[in-house]
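Only one structure is covered here, and it is reproduced in the block below.
What follows draws every value from the coordinates through simple rules; no lab data is involved. What you see is a predicted model, and the numbers here were worked out from it, not measured in a lab. Quick reminder, even Gly has a Cβ in these numbers, built from the backbone with ideal geometry, and neighbours come from all protein chains shown.
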Amino acid sequence: MATNNMSSKKSIYLLLSPFVIIGLGFITASIFSQYIQGWAWIPLAIVYWSTIGICIFYFKGDKPIENWLGKSEVSKIWITISLLLGMFPLTIFFMNYKLFNSTFLIVLWLLFAVINPWFEELYWRGILLDGLANWFPKWLSILYTTLFFVLSHPLMWGVFSIASKSYHLYIYLSLAGVVWAITYFKTKSLRWVIFSHFIVDIGNLTVLTFLNIYLPPTM
């Protein structure tokens, strides 16, 4: 078990923070999807990233954000696995890129892919994973963070996105959550994890899935 560097009360708040983040996301998605359907992804993203941002700055303590983004230690195997995992969804993009029928959708898709990995990785594999590892074995911390990372997709984006409720997605996200967590522990940096996550968000056509323009062949 890692050295305890966070108060017990604050650690409990951290442990419960995924419930708050996902809960607020679910409420936001449920309300806005009644009026703007798949475009509810925009207010959801704003609420989701804002809530994550608050958690990051509250739970990071005196540790600078840069500490999570420093130069990676060499771990060729796990960096390679992370990159290969990230490239897997690119097959979806190459087979469906013609679905982008407007420059506006392309801009939104790229913006989401650029912004989202920073918030998600700093929280799920940064703040939350580090905080839990101070109290629990690393394997348990990885399972906890991965579980809620996976659940956040059907419980938030899945409110309006059919593709976000695919069991294939759950399997892939479970694998990604574990691999990214191990890669972070091995490299002591989120650089490669964020980059891998960026490739994933490019490949899985995020905005198109939110708007149900792209549906997996199995759905």
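About the centre of its Cα atoms, region 61-166 shows a dipole size close to 300 debye [charges on the beta carbon of Lys, Arg (+1) and Asp, Glu (-1) only; nearest 20 debye]. Take 144-154, 126-136 and order them by the average number of nearby Cβ atoms within 10 Å per residue, most first; the result is 126-136, 144-154. Over region 104-219, the Kirkwood radius and the radius of gyration, each from Cα atoms, give a ratio Rg/Rh of 0.98. Pairs of lysines in region 66-219 whose Cα atoms sit within less than 29 Å of one another amount to 10, provided the residues are eight or more positions apart or on different chains. Extents of region 1-77, taken as max minus min of Cα coordinates on every principal axis and listed largest first, are 47, 36, 23 Å.
Pop the C-beta distance of Leu215 and Ser8 into the FRET formula with R0 = 35 Å and round what comes out to the nearest 0.05. The calculated FRET efficiency here is 0.15. Enclosing the Cα atoms of the chain in their convex hull gives a volume equal to 114 cubic angstrom per residue. Within the shell of other residues whose beta carbon sits under 15 angstrom from the beta carbon of Ile54, the net charge comes to +1, with Lys and Arg scored +1 and Asp and Glu -1. Over 21 Å, how big is the tail of the calculated P(r) for region 149-215, in percent of all Cα pairs? Looking at region 149-215, the distances longer than 21 Å represent 27 percent of pairs. From its DSSP helices (H runs of at least four residues, each -39,500 (n - 2.57)), the chain gives a residue-normalised ellipticity at 222 nm of -22000 deg cm²/dmol. Between region 78-103 and region 157-192, what is the separation of their alpha carbon centroids in Å? Distance between centres, Cα-based: 14 Å.
At a Förster distance of 25 Å, what's the computed FRET efficiency of Trp39 paired with Leu110, Cβ-Cβ distance as r, to 0.05? E between Trp39 and Leu110, to the nearest 0.05, is 0.90.
Ranking Trp118, Phe210, Ser82 by how far each Cα lies toward the positive end of the dipole of the chain (charges on Cβ) leaves Ser82 at the top.
Under a model in which nothing but the beta-carbon of Lys, Arg (+1) and Asp, Glu (-1) is charged, region 109-219 shows a dipole of about 220 debye around its Cα centre.
I need the calculated FRET efficiency for the pair Asn96 and Leu15, taking r as the beta carbon distance and R₀ as 35 Å, to the nearest 0.05.
0.35
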